[in-house]
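**Q** First, the structure itself, so that you have it in front of you.
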2 protein chains.
Amino acid sequence: MTQEQLILQERPNGLPDENTFQFKKAEIGKPSEEELLLKTLYVSVDPYMRGRMSDGPSYAAPFEVGEPLKGAAVSQVVESNSSNFEKGDLVTGTLDFQEYNVVKNDKVRKVTTKGMSPSSALSVLGMPALTAYFGMMHIGEPKKGETVVVSGAAGAVGQIAGQLAKKEGARVVGIVGSEKKAAYITETLGLDAAVEYKKGNVSEQLKETCPDGIDVYYENVGGEISDAVWPLLNVFARVPVCGAISAYNLEEGEKDIGLRVQQFLIKSRVKMQGLLVGDFADHYDEAYQALEEAVSNGELKFEETIQEGFHSIPDAFLGLFSGDNIGKQLVKVADAE
Amino acid sequence: MTQEQLILQERPNGLPDENTFQFKKAEIGKPSEEELLLKTLYVSVDPYMRGRMSDGPSYAAPFEVGEPLKGAAVSQVVESNSSNFEKGDLVTGTLDFQEYNVVKNDKVRKVTTKGMSPSSALSVLGMPALTAYFGMMHIGEPKKGETVVVSGAAGAVGQIAGQLAKKEGARVVGIVGSEKKAAYITETLGLDAAVEYKKGNVSEQLKETCPDGIDVYYENVGGEISDAVWPLLNVFARVPVCGAISAYNLEEGEKDIGLRVQQFLIKSRVKMQGLLVGDFADHYDEAYQALEEAVSNGELKFEETIQEGFHSIPDAFLGLFSGDNIGKQLVKVADAE
């Protein structure tokens, strides 16, 4: 039996293109002792994967050229040689981007959908939501009455981060790239205001929507948008730095040049801290519990943008950089059985 | 009786010049109830004073045009109407830059010289040393075997910060602007290596002197020197941001443009935090105790560069920006009686 794989054909220089990706046929493996055969249902495409396509040093090992891309996925157990899993179980983990995976039983964990789509394990109960939780709650620490700004506010992480700050009683302003997204974050998510960066003069828009300055800036985008934030940071502001998507597709030798932050950090004694969800592994239980509770109370809303079919993965991935998605961008590969 | 005052004649645009400062004669005041008449012995000139010469928002209120500059000083009590002070006592506080000050008794505190020059209250037992202490010990938190880099390493704050990290068992590399300073920090202070930024290619020099990357970067200077540091930061590095002297004399409308830090903070999950000594007021006792102990054990060495005479204050201040001083730059105004 053969299946489709998505291979890294060559390392991109700048924005990935058709030469970056290649679809290939491969044999479906057979599970040995303590192994599982998994059928891929959903895969998650995330901006950080761009970093793994290059071979520079990063927090995650680079993808190998000629090998499948890897990422978060939800799969269904087709065959189990482990007493911990049964045929039909839904599981999640970091898996090769192919239609079937053979893995050791400790490479995945069971998904409890609680009445939601299995895809929720990749969105509101998955890595992006955990990232939002730790960045906002452990680094941002918003307080009642404070002003919180979230960039990429309609994205996978941003949509959760903004709502978590609202839940703490903060005034929350989201920065987004379209009118549709502005409507989503203010009307559906209940944030207090939206800044649409494509309308220009982000600095003026921020001054208008944040008349009392900014106490927490949840950073997802970097670039000129963030340059406009620094001068407005209040004394003892906190800046969790989760992403800088504007800088992920720089070409070789190109540098991310803009406003240096030091003077703003000194003037307002700001704490700015980079984060990676895995560093908070000891706190996953706390985060899952908080997120599940908030979802079931109706306090945490979320969107998923789902493209259909294994072959749409490259397109869904590239859409992240043009800002096509509202909420979590996923690809549905197959139906559960 | 008249005295000399140093007045802010006009706000500088860029580097201060002869029009910035003005010397003026003024009456010496008379102390009322609970007030003291103080004779200025030493004044401290510090880079942060440049910020107070402009009227933009900063952490300290701007100096008023036509009024005396203010800064840290050591003075001697000439006349006391307070039971807490006697004639002859040495005191320190933030005072007007003039030969005599009349102040309330709670504006100054007594200096205990412990056999050192009274000027030590402005250097190794004063604000610069406290700043070094809190930045290094409360934010940098160097550990045995880690690599610590200090910029402005031969300056008032840097000379203390580097030695505090050595005391914790770290390997310490200082960035300095001259061969003389390089010799000072390695031979006198005992740091492990020096990077001379004026020799060029700071990035290469840092890679050579920090083969295991950088765990703590104590930031005093900003600009291109710091741009070369970011790519070398190790996972979970800490960056206390104390100063950015390279950016203090930008002209109106000019911006501090360079390498954005976000990607480095994410990749290595770095914490970068601005600090101001006053925020740590609750911990002053702890810091004074640690500093006094280290000085008396011979573990903490320090230099003072002292210019003579009230009229040399502008020159001493401007020298900070050309990097003339080794250790703390002070001006001696008068001898103690």
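The values are calculated or read from the model by the stated rules, or taken from the named source; none is laboratory data. Just so we're clear, the structure is a prediction, and the values are computed from it rather than from any experiment. FYI the Cβ positions are ideal-geometry reconstructions off the backbone, even for glycines, and counts take in every protein chain you see.
**Q** Do we find that B:Phe63 is surrounded by 15 or more Cβ atoms within 10 Å (Cβ to Cβ), closer than 30 Å to A:Leu265 by Cβ and either within 14 Å of another protein chain (Cβ to nearest Cβ) or not charged (D, E, K, R) (or both) in this structure?
**A** Numbers: surrounded by 15 or more Cβ atoms within 10 Å (Cβ to Cβ): yes; closer than 30 Å to A:Leu265 by Cβ: yes; either within 14 Å of another protein chain (Cβ to nearest Cβ) or not charged (D, E, K, R) (or both): yes.
Here the answer is yes, as B:Phe63 does meet what is asked.
**Q** Oh, and also: Can you pull out every residue in the stretch A:260-289 that is farther than 20 Å from B:Phe264 by Cβ and surrounded by fewer than 17 Cβ atoms within 10 Å (Cβ to Cβ)?
**A** A:Ala281, A:Asp282, A:His283, A:Tyr284, A:Asp285, A:Glu286, A:Tyr288, A:Gln289
**Q** Considering only residues that are aliphatic (A, V, I, L, M) and either touching a Leu at 6+ places or on another chain (Cβ under 8 Å) or not assigned by TED's automatic domain parsing to the domain that holds B:Val157 (or both), look in the stretch B:234-248 and name the one that is modelled with the lowest pLDDT. Break it down stepwise before answering.
**A** We begin by selecting, within the stretch B:234-248, every residue aliphatic (A, V, I, L, M); these are B:235, B:237, B:239, B:241, B:244-245, B:247.
So of that shortlist, the ones also either touching a Leu at 6+ places or on another chain (Cβ under 8 Å) or not assigned by TED's automatic domain parsing to the domain that holds B:Val157 (or both) come out as B:239, B:241, B:245.
Working: B:Val239: 98, B:Val241: 98, B:Ile245: 92.
Across the stretch B:234-248, the extreme among qualifying residues is B:Ile245.
**Q** So B:Arg52 passes all but one of these: (1) away from every other protein chain (no Cβ under 14 Å); (2) free of Cβ contacts under 8 Å to residues at least 24 places away in the same chain. Which condition number does it fail?
**A** It fails just one condition, (1).
**Q** Condition first: within 14 Å of another protein chain (Cβ to nearest Cβ), outside any helix (DSSP H, G or I) and within 18 Å of the chain's Cα centre (by Cα). Can you find one or more residues in the stretch A:20-42 that meet it? Walk me through how you get there before you give the answer.
**A** Initial filter on the stretch A:20-42 (within 14 Å of another protein chain (Cβ to nearest Cβ)): none.
Checked the stretch A:20-42: no residue is within 14 Å of another protein chain (Cβ to nearest Cβ), outside any helix (DSSP H, G or I) and within 18 Å of the chain's Cα centre (by Cα).
**Q** Something else about it: Do the conditions hold for B:Ala228, that is, is it more than 10 Å from every other protein chain (Cβ to nearest Cβ) and under 24 Å from A:Ile257 (Cβ atoms)?
**A** yes
**Q** Among (1) at pLDDT 95 or above; (2) in contact with a Gly (Cβ under 7 Å, 6 or more places away or on another chain); (3) surrounded by 15 or more Cβ atoms within 10 Å (Cβ to Cβ), there is one condition A:Met136 misses while meeting the rest; what is its number?
**A** (2)
Rundown of residues vs (1) under 28 Å from B:Phe264 (Cα atoms); (2) small (Gly, Ala, Ser); (3) touching a Ser or Thr at 6+ places or on another chain (Cβ under 9 Å), yes/no style:
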| site | (1), (2), (3) |
| --- | --- |
| A:Met1 | no, no, no |
| A:Leu8 | yes, no, yes |
| A:Pro12 | yes, no, yes |
| A:Thr20 | yes, no, no |
| A:Gly29 | no, yes, no |
| A:Ser44 | yes, yes, yes |
| A:Arg50 | yes, no, no |
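**Q** Among B:Gly213, B:Gly190, B:Gly177, which is modelled with pLDDT of 95 or more and within 14 Å of chain A (Cβ to nearest Cβ)? Step through it out loud before you land on a result.
**A** Numbers: B:Gly190 fails: within 14 Å of chain A (Cβ to nearest Cβ); B:Gly177 fails: within 14 Å of chain A (Cβ to nearest Cβ).
On inspection, the qualifying residue turns out to be B:Gly213.
**Q** Considering only residues that are over 19 Å from A:Val78 (Cβ atoms), of a type in the set (A, V, I, L, M, F, W, C) and at pLDDT below 95, which ones fall in the stretch A:104-123? Lay out the reasoning, then the answer.
**A** In the first step, residues of the stretch A:104-123 are kept if they are over 19 Å from A:Val78 (Cβ atoms); the result is A:112, A:114-117, A:120, A:122-123.
Subset that is of a type in the set (A, V, I, L, M, F, W, C): A:116, A:122.
Answer for the stretch A:104-123, where residues must be over 19 Å from A:Val78 (Cβ atoms), of a type in the set (A, V, I, L, M, F, W, C) and at pLDDT below 95: just A:Met116.
**Q** A follow-up question, please. Take residues that are small (Gly, Ala, Ser) and tell me which of the strands (runs of 3 or more DSSP E) falling wholly in the stretch B:221-337 contain 1 or more.
**A** Numbers: elements: B:233-241, B:257-259, B:271-274, B:304-308, B:328-332.
Counting at least 1 such residues, we get B:233-241, B:257-259, B:271-274.
**Q** Is one or more of the residues making up the stretch B:114-126 surrounded by 23 or more Cβ atoms within 10 Å (Cβ to Cβ) and over 23 Å from B:Ser312 (Cβ atoms)?
**A** yes
**Q** Give the number of residues within the stretch A:28-52 that are out of contact with any Leu (no Cβ under 6 Å at 6 or more places or on another chain) and farther than 23 Å from A:Glu86 by Cα. First the steps, then the outcome.
**A** Restricting attention to the stretch A:28-52, the residues satisfying the condition of being out of contact with any Leu (no Cβ under 6 Å at 6 or more places or on another chain) are A:28-30, A:32-41, A:43, A:45-46, A:48-52.
Checking the rest, the ones that are also farther than 23 Å from A:Glu86 by Cα come to A:45-46, A:48-52.
Qualifying residue count, the stretch A:28-52: 7.
**Q** Give the residues of the stretch A:246-281 that are within 10 Å of chain B (Cβ to nearest Cβ), within 19 Å of A:Asp46 (Cα to Cα) and out of contact with any His (no Cβ under 9 Å at 6 or more places or on another chain), sorted by residue number. Give the derivation first.
**A** If we filter the stretch A:246-281 for residues that are within 10 Å of chain B (Cβ to nearest Cβ), which is where we start, we get A:246-248, A:250, A:255-276, A:278-279.
Pick out the ones that are also within 19 Å of A:Asp46 (Cα to Cα) and you get A:246-248, A:250, A:274-276, A:278-279.
Scanning the stretch A:246-281 gives A:Ser246, A:Ala247, A:Tyr248, A:Leu250, A:Gly274, A:Leu276, A:Gly278, A:Asp279.
**Q** Conditions: (1) under 17 Å from the mean Cα position of the chain (by Cα); (2) surrounded by fewer than 19 Cβ atoms within 10 Å (Cβ to Cβ); (3) of a type in the set (A, V, I, L, M). A:Ile313 meets all but one. Number of the miss?
**A** So the condition that A:Ile313 fails would be (2).
**Q** Further, regarding this structure: Kindly indicate whether B:Gln205 is surrounded by fewer than 23 Cβ atoms within 10 Å (Cβ to Cβ) and free of Cβ contacts under 8 Å to residues at least 60 places away in the same chain.
**A** Details: surrounded by fewer than 23 Cβ atoms within 10 Å (Cβ to Cβ): yes; free of Cβ contacts under 8 Å to residues at least 60 places away in the same chain: yes.
Yes: the conditions hold for B:Gln205.
**Q** Within the stretch A:169-192, count every residue that is surrounded by fewer than 19 Cβ atoms within 10 Å (Cβ to Cβ) and not in a helix (DSSP H, G or I).
**A** 4
**Q** Given the condition of a type in the set (Phe, Trp, Tyr) and over 19 Å from A:Tyr248 (Cα atoms), answer yes or no: does some residue in the stretch A:40-49 qualify? Before the answer, list the steps.
**A** Narrowing the stretch A:40-49 to residues of a type in the set (Phe, Trp, Tyr): A:42, A:48.
Then drop every residue that is not over 19 Å from A:Tyr248 (Cα atoms), which leaves A:42.
The answer is yes, given that some residue of the stretch A:40-49 is of a type in the set (Phe, Trp, Tyr) and over 19 Å from A:Tyr248 (Cα atoms).
**Q** Looking at the stretch B:139-155, is at least one residue within 19 Å of B:Asn297 (Cα to Cα) and touching a helix residue (DSSP H, G or I) at 6+ places or on another chain (Cβ under 9 Å)? Can you show your working first?
**A** Initial filter on the stretch B:139-155 (within 19 Å of B:Asn297 (Cα to Cα)): none.
Looking through the stretch B:139-155, none of the residues is within 19 Å of B:Asn297 (Cα to Cα) and touching a helix residue (DSSP H, G or I) at 6+ places or on another chain (Cβ under 9 Å).
**Q** For the stretch B:52-87, what are the residues that are among the small types (Gly, Ala, Ser) and out of contact with any helix residue (DSSP H, G or I) (no Cβ under 8 Å at 6 or more places or on another chain)?
**A** We begin by selecting, within the stretch B:52-87, every residue among the small types (Gly, Ala, Ser); these are B:54, B:56, B:58, B:60-61, B:66, B:71-73, B:75, B:80, B:82-83.
Across the stretch B:52-87, the qualifying residues are B:Ser54, B:Gly56, B:Gly66, B:Ser75, B:Ser80, B:Ser82, B:Ser83.
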